[in-house]
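So the structure is just underneath, and the comments pick up after that.
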Amino acid sequence: MKTENSSSLMRNFLKYQLRSVEKMPTTVWPKATDGSVHVAKSIALAIRQRQQENKHIVLGLATGSSPIQVYRELVRMHKEEDLSFKNVITFNLDEYYPMPPNARQSYVRFMNEHLFDHIDIQKKNIHIPDGTLEMDDVESYCEEYERKIKYFGGIDIQLLGIGRTGHIGFNEPGSWETSVTRMVRLDALTRRDAAKDFDREEDIPYRAITMGIQTIMEARKIFLLGWGQHKAAILQKAVEEEITPNIPSTFLQKHKDVSVHLDYGAAELLTRFEAPWLIGICNWDEDLICKAVTWLSRKVQKPILKLTTEDYAENGLSDLTIEHASAYNINIRIFNRLQHTISGWPGGKPNADDTTRPERKTPSKKRVIIFSPHPDDDVISMGGTFQRLVEQGHEVHVAYQTSGNIAVHDHHARHFLEFCIELMDAEKGDYKELDTRVRQMLKQVITKDTNSVAAQETRLVKGLVRRGEARAGARLCGLEDEQIHFLDMPFYETGRTRKKPLGEKDIQIIVDLMEKIKPHQVYAAGDLADPHGTHATCLDAIFQAYDRVKSKDWAQDAWLWLYRGAWHEWPVHEIEMAVPISPVELLKKRDAIFMHQSQKDRPPFPGNDSREFWQRAEDRNKHLANQYRALGLAEYEAMEAFSRWKFDWQTGEKPAKAKKAAPEPNSKEKKAKAKA
């Protein structure tokens, strides 16, 4: 009984410590799908309870990527579990202004495609702000929107995403707590994030109609959803920092029934994960110790070998030195661990002791597949390592998982189409049928008729543009054409930034290539901060492909290395292989990126970083080298980093490195987080 009481007291103490940091109840899920299903089931339960009472229920709904999987699960429950929406009344948070309801970017169309067209909700019960109003009518319309919400008894459940400015709805920084439904001007960052849904920057609206902070706060229950590493920084502020109009989502801290649902990527900067030793007692394993030591080194700005017992004690890490001998011994251990991650032989060094090296020495010449989600991720993310693998004699294959065809400006497509027309004119051959088709494509590009059948043909041209660029980049790295593979996974081919779910054909394409090559090494994008979600889908396809081939003898030795790309880099404590890049290799990597001319200067989807991709890559590689130097390790011009994904069914592990995979890519860190 005494032990049980002690355990209970410890749990309560840790909960108290967590509440002192996190100011809203926050649940972290292994995957966005898990959290979305939970929220959908909570909504469904509330709907059914009101049905039993013969009452309606009012839902406040959001758009954007965050709630899509919630809507998908609600649709599934409607079709498979007889969940009816006949008693449901909905009010959407916002709409762009001006915006016709049939436009690709309209939230009316979004809601119809993802939810309303697939359920039995009554059309009269759907309310979405009107983006077609005359300016003079907006104010009275917004007042009427508020009156309708009150008429139906207020919002019972409000679903929210969060923008990178911290906005909820379109309540941008500076929004006041008493704000109600109104027209607002969109923040420049919000407009940049919206660029993925619009053909041109000038097409993005400057205004929107949105519910206000007060309207949202009057909801009886609020679910705030956040998925992906690109949301981690703002979610940490929303959950842990003080309430401020500069981060409108912090007002939610005052709500009596709000719950935050995050996946691992979105939660990674919360204190419980970033520095769990500041919250409570930790179960120290090697991964968590490495994280703590590198964190401490950065915090006190000392190399690892100069850290003292006092440094540990003054920064919340005295438990570590008490439990694991002296600071000196810990420093030596972690310094050696990081030193052993550095290798100029990413395919393994022949005829060398590989006990402490990240890769095996045998076979000395490996078969390698580099999977690239988009046609340029290979050279942006691991161009230097790509070159090393080829130069060191390995059989390297690169596989471009998607066509990348929507990420080509119209003027690039027009350039190539006009080239074809002029070439046919110059040749004076019989190209009548081809000439007609090419001219139709050119007309579609010029008129921007994105809804026509010709748009599909134009995407074919854009895909060929990117294919040629990818081929040129891979050739520069030393590959022959037969080692360059274009997979064109079907999930991507929607012609829009929002893709289809991963399908059987997508996975089989990966399986077929792996069966053909039987690799010893596979490199894949583990960069889940990609704001468009393509990287995550492509990685999921690879995981599922591995699961299907795991019974094959060759699969036991097919080690999977994850790189990160233009959006994010591995933190030092998660790196298991750091490949030094010389100044000459860095310039050659830049040249390979330059082969992707359609992505230079200003690519169609630059994300949240205005720098060109080659600049991001070089700055990231140099920054990583500087991080290693600051920790007291050797100084290099630049470095590329990899973390190995370890499947529990693979038997070819080196004993010192054997680990089982967790449900998510950051397996080492997630285990440490779960124990903390």
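Every number here is computed from the coordinates shown, using simple stated rules; none is lab data. Quick caveat: nothing in here was measured; it's all calculated off a predicted structure. Virtual Cβ from ideal backbone geometry, glycine too; neighbours counted across all protein chains shown.
Lys and Arg at +1, Asp and Glu at -1: add these up for the other residues within a Cβ distance under 10 Å of Val180 and post the number.
-2
Relative contact order of the stretch 506-598: what whole-number percent is it, with Cα pairs under 8 angstrom and at least 6 residues apart?
Across the stretch 506-598, relative contact order equals 33 percent.
Using only C-alpha positions, report the orientation-averaged shadow area of the convex hull of the stretch 419-559, nm², one decimal.
Averaged projected area of the stretch 419-559's Cα convex hull equals 11.5 nm².
Thinking of the stretch 95-155 as a set of Cα atoms, what percent of all their pairs are more than 19 Å apart?
40
Which of the aspartates and glutamates could a cross-linker span from Lys550 if the Cα-Cα distance has to be under 17 Å and same-chain partners fewer than 8 positions apart are dropped?
Cα-Cα hits under 17 Å: Asp512, Glu515, Asp540, Asp648, Glu653.
Please list, in chain and number order, the residues 5+ apart from Ile581 or on another chain whose amide H is under 5 Å from its amide H, with Hs placed from the backbone.
Under 5 Å from the amide H of Ile581 lie the amide H atoms of Glu637, Ala638, Met639, Glu640, each far enough along the sequence or on another chain.
Add +1 for every Lys or Arg and -1 for every Asp or Glu among the other residues with Cβ under 12 Å from the Cβ of Tyr97, and state the total.
That works out to -2.
Applying 1/(1 + (r/R0)^6) with R0 = 35 Å to the Cβ-Cβ distance of Arg439 and Arg496, what FRET efficiency is obtained, to the nearest 0.05?
That gives a FRET efficiency of 0.85.
Between the stretch 98-122 and the stretch 533-550, what's the alpha-carbon centroid distance in Å?
With the stretch 98-122 and the stretch 533-550 each reduced to a Cα centre, they are spaced 31 Å.
Taking the square root of 5 times each eigenvalue of the Cα gyration tensor, what semi-axes in Å does the equivalent ellipsoid of the stretch 217-301 have, largest first?
For the stretch 217-301, the semi-axes come out at 29, 14, 12 Å.
As an exercise, identify the trypsin sites (Lys or Arg not before Pro) in the stretch 474-550 lying in DSSP coil whose Cβ has no more than 16 other Cβ atoms within 10 Å.
Here the sparse-neighbourhood loop sites are Arg496, Arg498, Lys550.
Which far-off residues, 5 or more places away or on another chain, put their amide H under 5 Å from the one on Asp263, with H placed in the peptide plane?
Trp29, Gly226, Gly228
Among (1) 93, 77, 44; (2) 77, 68, 65; (3) 86, 56, 47, find the value of Cα extents along the principal axes in Å that was calculated from the structure presented, and write down its label.
From the options (1) 93, 77, 44; (2) 77, 68, 65; (3) 86, 56, 47, the structure gives (1).
Could you list log10 I(q)/I(0) for the stretch 255-411 at q = 0.10, 0.15, 0.16, 0.19 Å⁻¹, which the Debye formula gives when each Cα is one point scatterer?
Results for the stretch 255-411 at q = 0.10, 0.15, 0.16, 0.19 Å⁻¹ read -0.63, -0.98, -1.01, -1.08.
Which residues make up the longest stretch of the chain that has no GluC sites (Glu not before Pro) in a DSSP loop with at most 11 other Cβ atoms within 10 Å?
Longest site-free region, per DSSP loop and neighbour criteria: 243-479.
Can you give the calculated 222 nm mean residue ellipticity of the chain, where each DSSP H run of n ≥ 4 adds -39,500 (n - 2.57) and the sum is split over every residue, rounded to the nearest 500 deg cm²/dmol?
My calculation for the chain gives -13500 deg cm²/dmol from helical runs alone.
Which whole-number percentage describes the relative contact order of the stretch 245-324, with Cα contacts under 8 Å and a sequence gap of 6 or more?
Over the stretch 245-324, the number comes to 19 percent.
How high is the relative contact order of the stretch 177-267, in percent, counting Cα pairs under 8 Å that sit 6 or more residues apart?
31
Give the average over all directions of the projected area of the C-alpha convex hull of the stretch 81-223, one decimal, in nm².
For the stretch 81-223, the mean projected area of the Cα convex hull comes to 9.1 nm².
All other residues with a Cβ under 12 Å from the Cβ of Ser36 taken together, and with Lys, Arg as +1 and Asp, Glu as -1, what is their net charge?
Combined, the nearby Lys, Arg, Asp and Glu give +1.
What is the count of Lys pairs in the stretch 236-380 whose alpha carbons sit under 14 Å apart, if the two are 8 or more places apart or on different chains?
Taking the stretch 236-380 as the scope, the lysine pair count is 4.
List, largest first, the extents of the alpha carbons of the stretch 17-122 along their principal axes, each in whole Å.
49, 38, 23
Provide the percentage of antiparallel DSSP beta bridges, counting only those with both residues in the chain; round to the nearest 5.
30
Trypsin sites (Lys or Arg not before Pro) within the stretch 45-120: which are DSSP loop residues with at most 13 other Cβ atoms inside 10 Å?
Filter output for the stretch 45-120: Lys55, Lys86.
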